[in-house]
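Below you'll find the structure, written out as structure tokens, and then a few comments.
A short reminder: the numbers here are calculations on the coordinates, not readings from a lab. This is a predicted model, so every value here is computed, not measured. Virtual Cβ from ideal backbone geometry, glycine too; neighbours counted across all protein chains shown.
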Amino acid sequence: MRIVAADTGGALLDEAYNPLGLVATAAVLVEKPYKTASVSLVRYADPFSYDMSGRQAIRDETYLAVELAREVMPDVVHLDSTIGGIEVRKLDEATIDALSITDRGKEVWKDLAKDLQPLARRFWEETGIEIVAVGKSSVPVRIAEIYSGIYTAKWAVEYAKEHGRARVGLPRYMKVEIMPGRIHGESLDPREGGLYGEVDAQADGIGWELYPNPFVRRFMVLEVWRA
Amino acid sequence: MRIVAADTGGALLDEAYNPLGLVATAAVLVEKPYKTASVSLVRYADPFSYDMSGRQAIRDETYLAVELAREVMPDVVHLDSTIGGIEVRKLDEATIDALSITDRGKEVWKDLAKDLQPLARRFWEETGIEIVAVGKSSVPVRIAEIYSGIYTAKWAVEYAKEHGRARVGLPRYMKVEIMPGRIHGESLDPREGGLYGEVDAQADGIGWELYPNPFVRRFMVLEVWRA
Amino acid sequence: MRIVAADTGGALLDEAYNPLGLVATAAVLVEKPYKTASVSLVRYADPFSYDMSGRQAIRDETYLAVELAREVMPDVVHLDSTIGGIEVRKLDEATIDALSITDRGKEVWKDLAKDLQPLARRFWEETGIEIVAVGKSSVPVRIAEIYSGIYTAKWAVEYAKEHGRARVGLPRYMKVEIMPGRIHGESLDPREGGLYGEVDAQADGIGWELYPNPFVRRFMVLEVWRA
């Protein structure tokens, strides 16, 4: 199967390791054997003015996933969401009310569905491809999360080239390695069976260090600086 | 201590990675240092006509565990179950009603107890050995789960010899390796401290591939084919 | 940042792997890159007469953390607790009543707060350093837990020198290695990013074995004996 997925991750951190805003939304095409992406796209947010309610992330993910899906025509599109296994084109008010999520979550989804439901319906009518809100059990969503971390590292390198240094938090239990001409990232959870990714990047003259975020167990911090 | 445990796992998958039925029940004898089995038994189910309610699994596990326990006379028998730490010979209606499980679960256990409670009581009267429904905290139950995955791989090899190919899903976060004369399997969770198993198998002329199930994070798929 | 944390762990086990009592409280100073301790202190309990209610542990941890903090003057002190992110000096009756914990937990904390709240307030008045009950998300608390396991191994070595042998349970998913002149310990969870510790110890003439606790998945048992 050929699956497109999208996720948002990576955060700019202040000196006390507080997240200021998210950095990167990644969309990926994942094909058998489902360990990495054969194609990836990124859209960078402005972490200095980020809507942390979660609404911006899911909107960015849907648009970017559709952009990639129009190009590569997968069998299905996976979005990261807690509403588990529902086709986005079917998200009307009654369906959202019947979800087992909080009232606050229902309000957020009713608002989101105004844009995303017609988008998903039109995309399905044109292509026959479903956009499904699947959440944490999807491996392609996890691969998209790993790519959002790799692109966050790339963003940090570019930011450090211009401003001297940057400190970012990566998505859950993953690491990155800055190599000549590219950035490699991989899951730190061996139970996931070896998920990884790689992106081109020029990091000449850049120093870096990776270490655990002292306040959030199982999340790593990346610092990069002009050496 | 010498502990016998049993568990059922491994599923035949269709082309869309949906489980059709479970494949193997394994019973194991586990002795210090509790990392693998010193003896193992298998009973294969017919995955093409499998009762997925969970009732078939626990029944098969109890009978197979008792069969192995009669042979090796352990200190105790562990079954995988959500009813946590109860001796099966004590499972009467009042005890089941007092369990903190769902009403549906109580009905299932009342039905199961009709066969299993007398079996456990007779076995205890004859041997003094308790059969305990312990669940996920038992390491021998996890080793039985790993063996059910190894035997599922062996079943897939035999099936592919006859029908050309097979695709099976392994139990949670474990991998297998098909080697000359044997199949090796091990946990992918290093927190478990190195649990593994091995079973004799002839796989000459068989090709294989192991990769993450794209729809169920932390579960691996094994494909085997006549090369 | 420089963080002091404390935790209690490691248990003396009987022949059936039942815990008899906890062994070691460790306090650690953790500095960037937050993977190990630059300073550690230990206080041993008497595992043969231990108050398993949890009250003894948190009291020992607070006193030992303050002792280390007076010496090294960190930015903040982390205690392991389920009451999530509250400054201990602010723990009055009204604040405890407002916590989302059980009524039993509230009684325990009201009792504990009698000693610990004035201690934390005085320490804060003298030094400006906050003592925060943070719990499982703190990496320094996890490093303190790993050190409590290493010190438990050291205690077991000393006990075996005197009494012939000892069997202890280590804190969750960690291992130890007894080496010439020192004991090394590390997390078995790679998602934590490589947390470890080391303590001086003389173990000449001591044999040892590490293996999974058969009744508690993801916890290891250490046996040591006079060789």
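Points to keep in mind about this one:
- Cβ neighbours within 10 Å from other chains - mean over B:206-215: 6
- About its Cα centre, the range B:27-146 has a charge dipole of approximately 220 debye under the convention of +1 per Lys or Arg Cβ and -1 per Asp or Glu Cβ, with nothing else charged.
- Rg(Cα)/(2.2 N^0.38 Å) for chain B, N = residue count: 1.02
- Inter-chain shielding of B:133-143 (mean C-beta neighbours from other protein chains, 10 Å cut-off): 3
- Each of B:76, C:141 was scored by other Cβ atoms within 10 Å of its Cβ. Listed from fewest to most, they are B:76, C:141.
- Inter-centroid distance (Cα atoms) of the range A:173-211 relative to the range B:45-120, Å: 47 Å
- Mean per-residue shielding of peptide A:184-197 is 5, counting Cβ atoms of other chains within 10 Å of each Cβ.
- Given in Å, the Rg to one decimal and the Dmax to the nearest whole number for the Cα atoms of the range A:131-175 are 13.4, 41.
- Taken along the Cα-to-beta-carbon direction at a fixed 7 Å, the label points for residue C:184 and residue B:121 span 5.6 nm.
- Going by neighbour counts of Cβ atoms within 10 Å, the residues B:126, B:145, A:130 line up, fewest first, as B:126, A:130, B:145.
- The range B:139-226: relative contact order as a whole-number percent, Cα under 8 Å and 6+ apart: 34 percent
- Projecting the alpha carbon convex hull of the protein assembly as shown along each direction and taking the average yields 34.3 nm².
- The lysines whose alpha-carbon is closer than 26 Å to the alpha-carbon of residue B:161, local same-chain residues fewer than 8 away aside, are A:32, B:175.
- Angstrom value of the Kirkwood radius, inverse mean 1/r, which spans all Cα pairs in the range B:139-226: 12.9 Å
- Here the alpha carbons of the range C:26-151 define both size measures, Rg and Dmax, at 14.2, 39 Å.
- Taking other C-beta atoms within 10 Å as the exposure proxy, B:49, B:187 rank B:49, B:187 from fewest upward.
- Value of relative contact order over chain C, rounded to a whole percent, pairs C-alpha under 8 Å and six or more apart: 21 percent
- Listed by chain and number, the lysines whose C-alpha is less than 18 Å from the C-alpha of residue B:90, apart from same-chain residues fewer than 8 away, are B:106, B:110, B:114.
- Computed about its Cα centre, the charge dipole of chain B is approximately 360 debye, with only Lys, Arg, Asp and Glu carrying charge at their Cβ.
- As a size descriptor, the averaged projected area of the C-alpha convex hull of the range B:15-95 was calculated at 7.4 nm².
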